[in-house]
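Here the structure comes first, spelled out in structure tokens, and everything after it is commentary.
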Amino acid sequence: MSETATTPAKQRPEFRNINAFTDLPTYRLPAAGWVSILHRVSGVMMFALMPFIIWMFDTSISSEISFTRFTNAFSVGMLGLPGFIWKLLALGLIWAYLHHFTAGLRHLWMDISHKAVELQFGKSSAKVVLTISLTLTALLGAKLFGLY
């Protein structure tokens, strides 16, 4: 008899579906995964809030009276909601735009560059996208809330 017939076979790893309750809380998503998910979330946010964006644009450029009404929505409030809520909504839109824009630039760069498909570039560029979008959002949010 041959030697391979007598030795026990190695146990192969068994892959199963992940359990949402036990596996997901401990799973660490890499930065590129976060950028990808947040790119989709920001696109959905901008699409869903398109009526608000159109209202803001139309009200801000129609006349001086409508511009005053526009600025009062952020300071006094409207539709029963305080101005703080409208500022938070605008801040969410600012983040969505900045993140979607910077992640889109990253994707374009990855499409045209041959070195951009390397693992290290994916990790570092994802961190750069997150840093730039969050920093610019914080700066514009500080301006929106009147800190400077």
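The values are calculated or read from the model by the stated rules, or taken from the named source; none is laboratory data. These figures come from a predicted structure and were not determined experimentally. All Cβ positions, even for glycine, are placed from backbone atoms using ideal geometry, and neighbour counts span all protein chains on display.
Annotations for the structure displayed:
- When we screen 37, 61 for residues that are farther than 30 Å from residue 128 by Cβ, modelled with pLDDT of 85 or more and surrounded by fewer than 16 Cβ atoms within 10 Å (Cβ to Cβ), the only hit is 61.
- Complete set of residues in the range 85-104 that are farther than 17 Å from residue 132 by Cβ and of a type in the set (Phe, Trp, Tyr): 86
- Considered as a group, the residues in the range 67-123 that are small (Gly, Ala, Ser) and exposed (fewer than 15 other Cβ atoms within 10 Å of the Cβ) include one that is modelled with the lowest pLDDT, and that residue is 113.
- Of all the criteria given as (1) of a type in the set (D, E, K, R); (2) touching a helix residue (DSSP H, G or I) at 6+ places or on another chain (Cβ under 7 Å); (3) over 21 Å from residue 29 (Cβ atoms), the one not satisfied by residue 64 is (2).
- Residue count for the range 67-114, restricted to those that are in contact with a helix residue (DSSP H, G or I) (Cβ under 6 Å, 6 or more places away or on another chain), in a helix (DSSP H, G or I) and more than 15 Å from residue 53 (Cα to Cα): 9.
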